[in-house]
Amino acid sequence: MAEILVIGIAGGTGSGKTTLMKNIMSKLEGKVTVLSHDNYYKRHDELTFEERSALNYDEPNAIETSLMVEHLKQLREGKAIDCPVYDFTRHNRSDETVHLEPSPVIIVEGILIFENKELRELMDIRLFVDTDADERLCRRIKRDVTKRGRTLESVLNQYLSTVKPMHEKYVEPSKKYANLVIPEGGKNIVALDMILGRIKHHLDGTPAVYFEEEE
């Protein structure tokens, strides 16, 4: 297999990371493997549902990033992995896994993927999706209520108690590690064309254009 290109897509909750990712995948005809940070939330069988519901899921310690790092290294080496699956309706890791084969392009996505130095250094391209906070909140409410069985009150309480402060503490500062900051996420056609152009260079085996730094 040719050298694998790893693309990291970060940004706050509801920023449009998934839309951007799907738009990239739609142009690459099955040449992409996706690794989601969300699937690596730690297992907490020792806690009740109520106790798990009260945990802070927006801090780095909530996620088993070390396992994700090992899995990403294996994929980069051309080896398949069995990725954990997280069940958001139970606030716990599922007993199931998903078998992932390496592809020419690997997309790593999640709100905290740039916060961890070891993880971000495994990425060849780092993209940060930057979207207005009010719009992100509206998207999160819609997603969690319709797809994750949450109540409006629980979503808002979690947003104010952990999501917003953790975004300001960890996610927003990690934007400095991005190679490209993308306003409007997947709706930014200009940025999408630039990204697809870079990927095409990789898939075709042709060198991308680089500029020498001025002394």
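The values are calculated or read from the model by the stated rules, or taken from the named source; none is laboratory data. This structure is a prediction, so every number in the text was calculated from the model and none was measured. No Cβ is skipped: glycine too gets one built from the backbone with ideal geometry, and neighbour counts run over all protein chains shown. We work out accessible area using only protein heavy atoms, side chains counted, and drop any ligands, DNA or RNA first. Shrake-Rupley method; radii C 1.70, N 1.55, O 1.52, S 1.80 Å.
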* Asked: So which residues in the stretch 177-196 are part of a helix (DSSP H, G or I) and either under 20 Å from residue 13 (Cβ atoms) or open to solvent by less than 70 Å² (accessible area, probe 1.4 Å) (or both)?
  -> 177, 185, 186, 187, 191, 192, 195, 196
* Structure fact -> The condition from (1) in contact with a helix residue (DSSP H, G or I) (Cβ under 8 Å, 6 or more places away or on another chain); (2) open to solvent by 10 Å² or more (accessible area, probe 1.4 Å); (3) of a type in the set (A, V, I, L, M) that residue 107 misses is numbered (2)
* Asked: What do you reckon, is residue 61 of a type outside the set (Gly, Ala, Ser), in contact with a helix residue (DSSP H, G or I) (Cβ under 9 Å, 6 or more places away or on another chain), over 22 Å from residue 3 (Cα atoms) and open to solvent by 20 Å² or more (accessible area, probe 1.4 Å)?
  -> no
* Do you know which of the residues in the stretch 1-56 that are within 14 Å of the chain's Cα centre (by Cα) and part of a loop (DSSP other than H, G, I, E, B) is nearest to residue 142 (Cα to Cα)? -> 14
* Asked: Here are some residues: 24, 9. Which one is at pLDDT 95 or above and crowded, with 19+ Cβ neighbours inside 10 Å?
  -> 9
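Yes/no matrix, rows are residues, columns are (1) surrounded by 14 or more Cβ atoms within 10 Å (Cβ to Cβ); (2) of a type outside the set (Phe, Trp, Tyr):
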| site | (1), (2) |
| --- | --- |
| 80 | no, yes |
| 84 | yes, yes |
| 88 | yes, no |
| 96 | no, yes |
| 128 | yes, no |
| 143 | yes, yes |
| 147 | no, yes |
| 150 | yes, yes |
| 153 | no, yes |
* Structure fact -> Subset of the stretch 157-176, residues surrounded by 16 or more Cβ atoms within 10 Å (Cβ to Cβ) and of a type in the set (A, V, I, L, M, F, W, C), comes to 163, 166, 171
* **the stretch 139-150 residues that are closer than 15 Å to residue 89 by Cα, paired with ones that are acidic (Asp, Glu) (beta carbon under 9 Å, 6 or more apart)** => 150/144
* **Hey, residue 38 among the acidic types (Asp, Glu), within 17 Å of residue 89 (Cα to Cα) and surrounded by fewer than 16 Cβ atoms within 10 Å (Cβ to Cβ) or not** => yes
